[in-house]
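A short reminder: the numbers here are calculations on the coordinates, not readings from a lab. On a predicted model such as this, the values are computed, not experimentally measured, just so you know. Glycine gets a Cβ as well: all are built from the backbone with ideal geometry, and neighbour counts include every protein chain shown.
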Amino acid sequence: MQLIWIEYPNQHENEIETWCDEFAVCFALDDNSVKAEHQWYLNSDKYTHNKNYFCKVVLDGNVPVALLMVAVFEDAMKTHLHERIVYLDTLIVNPAQRGQSYGTGEVADFLQNANEIIGTGYYIFVSQVHKDNDIAKKLCTKLGFGLTCNEENSDWIDWVFPASAADRYTDLDLQKVVTI
């Protein structure tokens with residue numbers, strides 16, 4: 001598997017919209033479309049595309065297999081953890097490619113190569129996973145994320161990478177520190 005990271009939107013934008021099935025909408029998208037979620041970030045005064053918000057399409061050869069949206073929190077989190085936080089916001093795997101390790105491969109590649117993919121240095125990575133999303137929980141476990149608990153919002157579980165950062169992160173509520 002040779003993953004290639006490109007910018008969204010691109011020539012695959014319409015195809016990616018078809019990935020917004022019930023599973024993706026339930027567990028990954030706040031809106032019912034990638035376009036709408038991407039547009040929300042672009043319209044926000046808190047985020048600047050390719051500075052602290054990134055939306056990447058992952059290709060295997062010429063085939064789009066996944067999409068990843070991330071937000072980078074620097075100033076608000078540094079006072080608490082002294083590292084930059086990358087919030088893995090939206091991960092969608094092409095339904096035709098699900099079950100073939102593309103989600104795991106994409107996230108593993110991102111964790112290892114974030115500097116090349118989004119152009120900056122070391123981070124703590126955070127993913128909020130719905131308690132019913134067994135696939136995402138398995139992915140986080142497999143990749144070595146540390147489990148934390150968000151007491152006030154028990155439907156969502158925070159996972160932190162590297163796992164050694166989980167104890168420092170446990171007392172934080174990402175939604176309180178930085179409004180997504």
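Taking the range 111-137 as the range and being over 22 Å from residue 162 (Cβ atoms) and outside any strand (DSSP E or B) as the test, the residues that pass are 131, 132, 134. With respect to residue 25, is the statement that it is β-branched (Val, Ile, Thr), surrounded by 14 or more Cβ atoms within 10 Å (Cβ to Cβ) and either without any contact (Cβ under 8 Å) to a residue 24 or more places away in the chain or more than 28 Å from residue 137 (Cβ to Cβ) (or both) true? In short, yes. Taken over the range 11-22, the criterion of being over 22 Å from residue 155 (Cα atoms) and either touching a Lys or Arg at 6+ places or on another chain (Cβ under 8 Å) or surrounded by 12 or more Cβ atoms within 10 Å (Cβ to Cβ) (or both) is satisfied by 12, 13, 15, 16, 17, 19. Contact annotation: no residue pair with Cβ atoms under 8 Å, 6 or more positions apart or on different chains, pairs a residue in the range 95-107 that is within 14 Å of residue 141 (Cα to Cα) with a partner that is crowded, with 18+ Cβ neighbours inside 10 Å and of a type in the set (Asp, Glu).
Does residue 88 satisfy being closer than 22 Å to residue 136 by Cα, in contact with a Lys or Arg (Cβ under 8 Å, 6 or more places away or on another chain), buried (at least 20 other Cβ atoms within 10 Å of the Cβ) and in contact (Cβ under 8 Å) with a residue 24 or more places away in the chain? Lay out the reasoning, then the answer.
Details: closer than 22 Å to residue 136 by Cα: yes; in contact with a Lys or Arg (Cβ under 8 Å, 6 or more places away or on another chain): no; buried (at least 20 other Cβ atoms within 10 Å of the Cβ): yes; in contact (Cβ under 8 Å) with a residue 24 or more places away in the chain: yes.
Judged against the criteria, residue 88 is not a match.
Taking the range 28-51, which residues are β-branched (Val, Ile, Thr) and exposed (fewer than 15 other Cβ atoms within 10 Å of the Cβ)? Within the range 28-51, just 48 meets the criteria.
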